[in-house]
1. Could you tell me which of the pairs K186/K295; K42/K186; K8/K47; K116/K215; K47/K259 are separated by over 29 angstrom between their Cα atoms in the structure shown?
2. When Lys and Arg each count +1 and Asp and Glu each count -1, what net charge do the other residues less than 15 Å away from H166, Cβ to Cβ, add up to?
3. Given the options R346, R200, R243, state which has the largest fluctuation in a GNM of the chain using a 10 Å cut-off (strictly under) for Cα springs.
4. Can you run phi through the Karplus equation (6.51, -1.76, 1.60; θ = phi - 60°) for the stretch 94-105 and list ³J(HN,Hα) in whole Hz, with x for Gly and Pro?
5. If each residue of separation counts as 0.36 nm, what is the full-extension length gain between N11 and D277 once their alpha-carbon separation is subtracted?
6. Which shape class applies to the stretch 9-144: rounded if a/c is under 1.5, otherwise prolate when a/b exceeds b/c and oblate if not, where a ≥ b ≥ c are the square roots of the Cα gyration tensor eigenvalues?
7. For the stretch 154-206, with all protein chains present and a 1.4 Å probe, just round the carbon and sulfur fraction of the accessible area to a whole percent.
8. On the full set of protein chains, 1.4 Å probe, figure out the accessible area of V437 and give it in Å² to the nearest 10.
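The values are calculated or read from the model by the stated rules, or taken from the named source; none is laboratory data. Here the structure is a predicted model, which means the values were calculated and not measured. Glycine also receives a Cβ, built like all others from the backbone with ideal geometry; neighbour counts cover every protein chain displayed. Accessible surface is based on the protein model in full, side chains and every heavy atom, while ligands, DNA and RNA are left aside. Shrake-Rupley method; radii C 1.70, N 1.55, O 1.52, S 1.80 Å.
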Amino acid sequence: MPIEFGHKTWNERWAAQLPPHQSLRGSILAAGLGRRLEPLTKHHLPKPLFPIGGRVPIAELWVRKMIEAGISDVSMNVCVLADSIRRHFDNGAAFGINIGFVHEDVPTGTLGGVCKQALGPHAKTVVAGEPRPDVANFEGSTLLVPSGDIVTSFDATLIQEMYDLHRRRGAALTMVVNPIPAARRKDFGTVILDATEDHRGGLRQSGRIVGFAEKDPNSPSNLNNASIYLIETELLRTLDALRTEAAVGVDAPFYDFGKHVFPALLGQLPQARIGTDYPMLAVRYDGEWFDVGTKRDYLRVNEHYLAGKIAGPTSYSPTAWGQCGDGVEMDLRHVRIVPPVVIGSRCTIESGAQLGPHAVIGDGWTVGANAVIQHSVLWGAETHHARPLPMEVAPGVRISRCIVAGGRVDRDVEDATVRPADDNDGPGLAVLSIDSVPQGPRA
């Protein structure tokens, strides 16, 4: 049955108390191709549905934060394996809110994804025949825009602090920034601030953005663009008018926040003269933050979650050693568990098996006698949409630093992605290095 929150529940949540003209829509960017996470993103799940700690997808973590803040209007743009995202969230009734979707046959860039979610049928058409957004034009003032591959402890209270600063300082766009090691400046966009203010809350500092460097190893700043934004709809209408197709070879391209929008707002993009009417603000957050860009990132996020370093909902009942689902067949007198460990529902763990540290066993697995699983994530049965598949770790097999999407694992695997073989792979398992990235254009 759908969830129906009462008035009292919403009245206790800050965003629900905003006047209609200042209301928020939560708009999750969920249409990325996830190339570095193939073959998982090609055959099993889009990146926003990658489960954390067993069952809860990355994008759902954001939906839950929005609900806790009092945001009841949420949208997502979707592309790769879009039907699986639609199936999981449906219309939002199971969460007690409204969720709408903008389908993209081909990704339209971060700017296109946000503009379509904000403006709905009024968004600009840049390619003939592209699907029209089926979400309504947003009548409120501000969008909360997180990337659907960001996992963080940035919560509803901090969203409120961010919103208050955004309003007080008259920003058109406010960005969360997070300090990173200097060696990683080449991997992220970094931000230079001016007119900074220090704060006592969860946000340590705010400041006007006066410089932005996209993946520059020599940037003078180590404050990373954390891909969490508050954006005014007035600004988005201006940006949408300038928006182009998100493709290589486009003359005067304008479709990406990091490459085009931020430089334009700083007066540094010749093809987009916007002016200085749209100030950008940054708020500094020093807590846990992860961009799940690679398979190793995904394993690291799960380890931090299991260790309690990332705040989030639990998938199963808490135990002294982690979490355990329903219907688990396991004799703890004959199984070694090295915490932290998560065991999903309907699992069978045979005698002599060792689980952990940092092992996530999804729903429905059988782990054979004397098998060892550590620093790995085994996905549950819900990741198989085409046909039921075996989910078994054979006796005596060792699995270390792996993501396993199903199948019968009948050999030792380390630093790998493991999935059931298909017609192109041959019989049995398809095992690839965890660092493998496909070459050339996506099929």
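1. Values: K186/K295 19 Å; K42/K186 27 Å; K8/K47 35 Å; K116/K215 26 Å; K47/K259 22 Å.
In this structure, K8/K47 exceed 29 Å between Cα atoms.
2. Its environment carries a net charge of +1.
3. With Cα springs under 10 Å in the chain, the top fluctuation among R346, R200, R243 is at R200.
4. Those phi angles translate into 5, 9, x, 9, 9, 10, x, 10, 10, 7, 10, 5 Hz.
5. Values: separation 266, 0.36 × 266 = 95.76 nm, distance 3.43 nm.
Between N11 and D277, full extension yields 92.3 nm more.
6. On the way: a/c = 2.29, a/b = 1.20, b/c = 1.91.
Since a/c reaches 1.5 but b/c is at least a/b, the shape of the stretch 9-144 is classed as oblate.
7. On the way: 1060 of 2420 Å².
The C+S portion of the solvent-accessible surface of the stretch 154-206 is 44 percent.
8. We get 70 Å² for V437.
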